[in-house]
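Trainee: To start, I am sharing the structure in question, which I have written as structure tokens.
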Amino acid sequence: MNAKRLIVYLILNVIVSASMTLGVMWLWDKTHPPISAPCLATAATPITASLLTTPLPLPTEPAAATAAPVTHVVQSGETLGAIAQRYNVSVEELMTANNLSDPNVLNVGQTLVIPGSGYAPTPLPPGTPGALPTNAAQPPRPTATRDPNAPLSQVSIREVKSPGALADEALVIANQGGPVDLAGWTIRDEASHVYTFPALTLFEGGAVTLHTAAGSDTVTDLYWGLTEPVWASGRQALLSDAGGNLHTRFTVP
């Protein structure tokens, strides 16, 4: 009998406990409604879509600065070939950039645009036309190479025109070889008359005329600026390079 009473007591305890648990859960459901899951999904959807579809701004690069064009003012005795060599460009590029039709026609004081910004001019020896002041910063000199197949220069005196007549007297120098820079070359007679050439490049087949009288230099005509004629029949004209080496001894006929 004691065992039966114990079993009945346990069953009653289980029923009472289950009833209380169910009652508590029912009250909880009534006082605490569940959170709606669709609301969470609806709120999250536009945020996710906005993050995925909104493009990020791309970084911008600063605009490149435009370099000012390099120009050169033609000096007395300069040629287009010498200017092109100085700035490491071709004669054809210089002619195209400046709308030139004849490479032998230049005016003293004419401003030329050097094609290809960034070229620094090669410094000329102090005292030559267009040279920088001695206290100015010298730009780096470009490395030039000579074509081994190019002919050597063959500069000589071709003739003396109208010797003894100051207005017409002139000496013609020609080059039958490769290009040569006449800067520092000299023409002298047997007396004390000496003319020193300015920076001027004489190309193969080219010639330059040295007038005894005064005048304005061009790329083909130079003027000594003397007031008396220099040349006479039998007198010798001596052409030497910048190093003092004699190249031609010409006797006026």
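The values are calculated or read from the model by the stated rules, or taken from the named source; none is laboratory data. Just so it is clear, the model here is predicted, and its values are computed rather than measured. Here the Cβ positions follow ideal geometry from the backbone for every residue, glycine too, while neighbour counts run over all protein chains shown.
Trainee: From the list Ala144, Ala213, Ala150, exactly one residue is surrounded by fewer than 19 Cβ atoms within 10 Å (Cβ to Cβ), of a type in the set (Gly, Ala, Ser) and modelled with pLDDT of 95 or more. Which is it?
Mentor: On the way: Ala144 fails: modelled with pLDDT of 95 or more; Ala150 fails: modelled with pLDDT of 95 or more.
Result of the check over Ala144, Ala213, Ala150: Ala213.
Trainee: Taking Val70 as the residue in question, decide whether it is among the hydrophobic types (A, V, I, L, M, F, W, C), more than 30 Å from Ala207 (Cβ to Cβ), at pLDDT 75 or above and touching a Phe, Trp or Tyr at 6+ places or on another chain (Cβ under 8 Å).
Mentor: Numbers: among the hydrophobic types (A, V, I, L, M, F, W, C): yes; more than 30 Å from Ala207 (Cβ to Cβ): yes; at pLDDT 75 or above: yes; touching a Phe, Trp or Tyr at 6+ places or on another chain (Cβ under 8 Å): yes.
It is true that Val70 is among the hydrophobic types (A, V, I, L, M, F, W, C), more than 30 Å from Ala207 (Cβ to Cβ), at pLDDT 75 or above and touching a Phe, Trp or Tyr at 6+ places or on another chain (Cβ under 8 Å).
Trainee: Among (1) in contact with a strand residue (DSSP E or B) (Cβ under 6 Å, 6 or more places away or on another chain); (2) farther than 18 Å from Val74 by Cα; (3) free of Cβ contacts under 8 Å to residues at least 40 places away in the same chain, there is one condition Ala191 misses while meeting the rest; what is its number?
Mentor: In the conditions (1) in contact with a strand residue (DSSP E or B) (Cβ under 6 Å, 6 or more places away or on another chain); (2) farther than 18 Å from Val74 by Cα; (3) free of Cβ contacts under 8 Å to residues at least 40 places away in the same chain, Ala191 misses (1) alone.
Trainee: Answer yes or no: is there a residue in the range 100-109 that is modelled with pLDDT of 85 or more and not assigned by TED's automatic domain parsing to the domain that holds Ala207.
Mentor: The initial filter retains those residues of the range 100-109 that are modelled with pLDDT of 85 or more, namely 100.
Adding the requirement that they be not assigned by TED's automatic domain parsing to the domain that holds Ala207 leaves 100.
Yes, because at least one residue in the range 100-109 is modelled with pLDDT of 85 or more and not assigned by TED's automatic domain parsing to the domain that holds Ala207.
Trainee: Any residue at all in the range 178-201 that is assigned by TED's automatic domain parsing to the domain that holds Ala232, touching a Pro at 6+ places or on another chain (Cβ under 7 Å) and more than 21 Å from Leu80 (Cα to Cα)?
Mentor: Here is the first cut: in the range 178-201, the ones assigned by TED's automatic domain parsing to the domain that holds Ala232 are 178-201.
In the following step, the residues that additionally are touching a Pro at 6+ places or on another chain (Cβ under 7 Å) were identified as 178, 183, 198-199, 201.
Applying the additional criterion that residues be more than 21 Å from Leu80 (Cα to Cα) yields none.
Checked the range 178-201: no residue is assigned by TED's automatic domain parsing to the domain that holds Ala232, touching a Pro at 6+ places or on another chain (Cβ under 7 Å) and more than 21 Å from Leu80 (Cα to Cα).
Trainee: Hey, another quick one. Can you find a residue in the range 113-126 that is at pLDDT below 80, on the phi > 0 side of the Ramachandran plot and small (Gly, Ala, Ser)?
Mentor: So the first thing to find is which residues in the range 113-126 are at pLDDT below 80, and the list is 116-126.
Checking which are on the phi > 0 side of the Ramachandran plot leaves us with 116, 118.
Still in the running and small (Gly, Ala, Ser): 116, 118.
Yes, the range 113-126 has at least one match.
Trainee: State which residue pairs qualify: first residue closer than 16 Å to Ala165 by Cα and assigned by TED's automatic domain parsing to the domain that holds Asp189 and inside the range 228-251, second residue in a loop (DSSP other than H, G, I, E, B) and among the small types (Gly, Ala, Ser) in any location, beta carbons under 8 Å apart, and separation of 6 or more residues or different chains.
Mentor: Pro229/Gly164; Pro229/Ala165; Trp231/Gly164; Ala232/Gly164
Trainee: Among the residues of the range 90-115, count how many are surrounded by 12 or more Cβ atoms within 10 Å (Cβ to Cβ), assigned to a loop (DSSP other than H, G, I, E, B) and free of Cβ contacts under 8 Å to residues at least 40 places away in the same chain.
Mentor: 6
Trainee: Against the definition (crowded, with 21+ Cβ neighbours inside 10 Å and either outside the structural domain of Ile83 (by TED's automatic domain parsing) or hydroxyl-bearing (Ser, Thr, Tyr) (or both)), how does Leu171 come out, yes or no? Spell out how you get there, then give the answer.
Mentor: Numbers: crowded, with 21+ Cβ neighbours inside 10 Å: yes; either outside the structural domain of Ile83 (by TED's automatic domain parsing) or hydroxyl-bearing (Ser, Thr, Tyr) (or both): yes.
Judged against the criteria, Leu171 is a match.
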